[in-house]
Amino acid sequence: MKFQIEDVTVYFPYDHIYPEQYAYMVELKRALDARGHCLLEMPTGTGKTIALLSLITSYTLSKPNNPVKLIYCTRTVHEMEKTLAELKLLHAYQTTHIGDRARILAVGLSSRKNLCVNSRVLAAENRDSVDASCRRLTASWVRAAAAANPNLPTCEFFEEYEKAGSNAVLPPGVYTLQDLRAYGKEKGWCPYFLARHMVQFANVVVYSYQYLLDPKVAGYISKEMQKESVVVFDEAHNIDNVCIEALSVSVRRQTLEGARRNLSKMRQEIEKFKATDAGRLRAEYNRLVEGLAQRGNLPFTDNWLSNPALPDDILKEAVPGNIRRAEHFLHVLRRLVQYLEGRLETDNVEKEGPVGFVASINTHAGIDQKTLKFCYDRLHSLMLTLEITDTDEFLHIQTICDFATLVGTYTRGFSIIIEPFDERMPHIPDPVLQLSCHDASLAIKPVFDRFQSVVITSGTLSPIDLYPRLLNFHPVVSRSFTMSLTRDCICPMVLTRGSDQLPVSTKFDMRSDLGVVRNYGRLLLEMASVVPDGIVCFFVSYSYMDGIVNSWNENGILKEIMQHKLVFIETQDVVETTLALDNYRKACDCGRGAIFFSVARGKVAEGIDFDRHYGRLVIMFGVPFQYTLSKILLARLEYLRDTFQIKEGDFLTFDALRQAAQCVGRVIRSKADYGMMIFADKRYSRHDKRSKLPGWILSHLRDAHLNLSTDMALHIAREFLRKMAQPYDKAGGSGRKTLLSQEDVEKMSDGILNEMQY
Amino acid sequence: MNNGNGRRLNGETEEDDDDEGSEGDLDAWERTYADERSWESLQEDESGLLRPVDNKTLYHAQYRRRIRSLSSQATTSRIQKGLIRYLYIVVDLSRAAAEMDYRPSRMAVVAKHVEAFIREFFDQNPLSQLGLVTIKDGIAHCLTDLGGSPESHVKALMGKLECSGESSLQNALDLVHGYLNQIPSYGHREVLILYSALSTCDPGDILETIQKCKKSKMRCSVIGLSAEIFICKHLCQETGGSYSVAMDESHFKELILEHAPPPPAIAEFAIANLIKMGFPQRAAESSIAICSCHKEAKVGGGYTCPRCKARVCELPTECRICGLTLISSPHLARSYHHLFPIVPFDEVSSSVLNDPHNRLPRSCFGCQQSLPNPGNKPSLRVACPKCKQHFCLDCDIYIHESLHNCPGCESFRHSKTPIATEE
């Protein structure tokens, strides 16, 4: 359908549109008009992606004078493919309506592992080794050597691509990763390099967060992006954590040992070069004297990861004299590694700011701040000079240099924490030195500064006013939308008491109470007997889950539960968990029924959907607060309080409730679906906790469901499941309009819009 | 004073707590009355006496809605109906059937309505046969073989009402599949599963069994008693049956009775073919013979197979000796109306009623009782769209539900010639 939003004609590929999608588009359009950033919360299953895509592409179409580029960031490859598939549909619709004018080029970009078509390279098992084996075939010196000696292997796809030169372009269209691979195979061109090349010219680019946020990758993939771009972060409820992780480094003993090995290997290489090709080292030296900025002249396959979080002036500065020579640089690194080893040999937990740490390096190892700052780039340059292609083996020394550069660059927002052992296992020495970033705004700042509009959107962004403070930006629009439903298909409940009317909670002083454990067990048992198919349970941590499952096993509750449903457990091992999930799905499919025990903040809570019969009920046992004794968390809380005036309690509650909402949001993925959510902890009934849940859950949380005991919850569950099993009319009755046709949209007044927002 | 107040407050908050919980979910006994609110439907008449409000119009409206929805499905595309049905009713008697959310228990409620269903089924489908299967302890038992006598089925079911163990959908389907596979191809194979449990414990891959059922054209329908289960939904979707979940007892009754009228014929079977049937004569009252079904000597009653002269007790059935289908002609006639249902009658609109130029009949064509005075109460009469005769609401229901013939059209047909000459 086709309709007008103010001065933009929107092409929407479906015949009907949800009212919230329309409202979402209106807000988004205003943000684009204002050329500002925005925060939009809309529940999953309401077609966020297609609303975003169709508005932004239509916006570009109706303003041909200043075309906007769309950069769409997703968290996983799966989501990337889904987004591109929707875009394809939209594109087909637009071209049938306005013909060639709607032609766009949209590409997805992922790592070599997902795009490579060379079977020899793909044989490698993980991402880093795929990268390395690609480099082994495509690095400029390898190709130069192969030109002289035809027996050396090269990648035929890359050679073809190089041969085609500037003719190697993608015709307009929408390319999913699979399409790219197919196209690459057909033409004999390397899809990865083709996609990377086309990213600069494409109208729509879909890739992962890291390409924009991780300074190691971003600078060189996203360097060429124009300012008139709209950047969308989808599923961005954890964006602050992504930003922080991108700038955090942890160093363990193994890292240091590996780094030492790397250093000696490099030393040998240098010796070899000195004997055979001393000119090369001298050439590098001269280049470094002229300044790092000239790195751009290197052939682009050799191009590596650079650091855009560095201020520009550093890049123009020349590398300090004491590390220009390769041997000297190795000496510096050796001293640094030695110093770090010394620091790890501590028995106490130590916490330090970057300034103090740099000063201490300076006195003990004689490396000043400026030298540290250049470590990463210097290493990069050296590895190129030494023609090292198996970069995956040199990860350790890269980590060290990454660490050094970050420590040298930032004086605020970081702290260095050295822990001699894990808190939970004090007898096993496992020293770790962590450089942890506390300020999420550091990594995302270049993105906000550079691009015209940044859209942050997710199903759960509540409380929406906290994100601008965490990320330190000023949104022009920040809105939360509800879901318009033909029936009340979600049923959230707060369970505060067990069947014996005693309160239940995972509060520290109550969690080991046998009564609470038993009450939780009875709750699950009773629920298993009335809820069909799949139930998902989330616990606050692995250790708590282990404990409670153990005691359920001892007092026989687990056995009783197993009479109703099979039980599967998430473990820290990915393969095991995947297997458990597969079998869980199978048990739900064949009608046996199953329960999945999982952990909030775990892999399952983040990425796996439990829609339809795979999750008719989700129980959140307790409030998933972070481990509050963790040194890193404490340091971050302190920083947040001092810098952004965010109270510790506020942040902790926000973070816990965001996780809880994320967990329970797994059960409902579309409007036709239905599911129940039980928050089993008395603390959820308090207003300060509850009010931080997203609006679309709160609007279904009736007052009568705020303070339930097990038997009452059971009764509600029975009624709800019966009601939901009745056939229903998808378009909605006369009273509630949930699907709008073209005429509806045309005559839609602002009145309906205002209803949608709150 | 202060003290007392405080205590009061305390007491109140506690009470509030309780109220909060029970609000919205009334106890079962409360709900029955709260829903009906029979006291509100009382009215005072002129002399101050109480009298119940006439709900008839309301009921009639509901009934009409149903008829219309049925006929809209049926008349638009002349659907062939499967009149010869072979239906197995699978009753789940696993542990879950003992639950008390239906009073006195799910099992008792199911049994009660299965009994009603069996009678209704034979009333509507005289040519069909029915059998009972129960699931208990994970195993399916065949309670009664396919047969045409409602009494024997009901008796067998009532004698076996106890429940235990798990439930297994696959075992039940396998068992029923084994029986129904032998049915001749003109018969419609159907399974109606009344499922209390929320899971199924199967020995093998149930999805394969479902495919097997699909292949042998078994139409499987499920009525759940507690919640929607994926595998049941899948089964119904695959085999073309209907899946429903009962809200309460009356809803359950409604759902189960929906399965009484014959379903549309499956396309592959819709090709017309001839079926050999016998119309046995009722034996003389005094004759003594050994019946082939119970293997007892009986005096009088019973029928004699026209082909092999064996004695059977009840119709319809299949002759034990020669395998001929034995029915009586009224059975055949009673099945007929499913193929040619009476069109729903139109409501006479109030504008027509109030039009003084129209002379409307004063009395119902069916029962000859005078129709209510038009004016204050609109549309209390209906008219047949073919013969234009007017009927009262009671006759409307009677004609559509039981009679299956419109008296107006019938008499019109008889007096067709005279009317034609008049005009």
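The values are calculated or read from the model by the stated rules, or taken from the named source; none is laboratory data. None of the values given here were measured: they were computed from a predicted structure. FYI the Cβ positions are ideal-geometry reconstructions off the backbone, even for glycines, and counts take in every protein chain you see. SASA here: full protein model, heavy atoms, side chains in, ligands and nucleic acids out. Shrake-Rupley method; radii C 1.70, N 1.55, O 1.52, S 1.80 Å.
Listed values, structure above:
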| item | result |
| --- | --- |
| Prolate/oblate/rounded label for region B:248-347 (Cα gyration tensor, a/c 1.5) | prolate |
| Over the protein assembly as shown: helical MRE at 222 nm, DSSP H runs n ≥ 4 each giving -39500 (n - 2.57), nearest 500 | -13500 deg cm²/dmol |
| Accessible area buried between chains B and A, both sides summed, probe 1.4 Å, in Å² to nearest 100 | 2300 |
| Cα-Cα separations in the protein assembly as shown greater than 48 Å, expressed as whole percent | 48 |
| Per-residue average of Cβ from other chains inside 10 Å of B:194-201 | 5 |
| Inter-chain Cβ neighbour average for residues A:585-593, partner chain, 10 Å | 6 |
| Antiparallel bridge percentage (DSSP; both residues within the protein assembly as shown; nearest 5) | 35 |
| Derived scalar couplings ³J(HN,Hα) [region B:169-174; Karplus, 6.51 cos²θ - 1.76 cosθ + 1.60; whole Hz; x for Gly, Pro] | 5, 5, 4, 4, 5, 4 |
| Rounded to whole Hz, the Karplus (6.51, -1.76, 1.60) HN-Hα couplings of region B:133-141, x for glycine and proline | 10, 10, 10, 8, 6, x, 10, 9, 10 |
| Built amide H within the under 5 Å cut-off of A:LEU617, gap 5+ | A:VAL536, A:MET676 |
| Whole-percent carbon and sulfur share, accessible surface of region A:490-725, 1.4 Å | 53 |
| Burial of 40 Å² or greater, region A:521-549 residues [accessible area, probe 1.4 Å, versus chain by itself] | A:PRO532, A:ASP533 |
| Compactness relative to 2.2 N^0.38 Å, alpha carbon Rg of region B:278-331 | 1.00 |
| Whether region A:571-709 is rounded, prolate or oblate, judged on the alpha carbon gyration tensor where a/c under 1.5 counts as rounded | oblate |
| Shape category assigned to region A:490-725 from the gyration tensor of Cα positions, a/c cut at 1.5 | rounded |
| For region B:85-266: lysine pairs under 19 Å (alpha-carbon distance), excluding those fewer than 8 apart on one chain | 10 |
| Relative contact order of region B:179-256, defined on C-alpha pairs under 8 angstrom at six or more residues apart (%) | 29 |
| GluC sites (Glu not before Pro) restricted to region B:287-340 and DSSP loop, no more than 13 other C-beta within 10 Å | B:GLU296 |
| Relative contact order (percent, whole number), region A:490-725, Cα cutoff 8 Å, 6+ residue spacing | 34 |
| Cα-centre dipole for chain A with unit charges at Cβ (Lys and Arg positive, Asp and Glu negative), debye to 20 | 420 |
| Extreme residue, positive dipole direction of the protein assembly as shown, given options A:SER441, A:THR46, A:ALA605 (C-beta unit charges) | A:THR46 |
| Sequence-distant residues sharing a close amide H with A:MET493 (under 5 Å, placed H) | A:MET677, A:ILE678, A:PHE679 |
| For chain A: accessible area per residue (Å², 1.4 Å) | 39 |
| Beta bridges per DSSP with both ends in region A:490-725, % antiparallel, nearest 5 | 5 |
| Phi to ³J(HN,Hα) by Karplus 6.51 cos²θ - 1.76 cosθ + 1.60 over region B:386-391, Hz, x for Gly, Pro | 8, 9, 6, 7, 9, 9 |
| Normalised contact order of chain A, rounded percent, pairs of Cα under 8 Å and 6 or more residues apart | 17 |
| Gap separating the Cα centres of region A:121-180 and region A:383-455, nearest whole Å | 30 |
| Built amide H within the under 5 Å cut-off of B:GLY278, gap 5+ | B:THR325, B:LEU326, B:ILE327 |
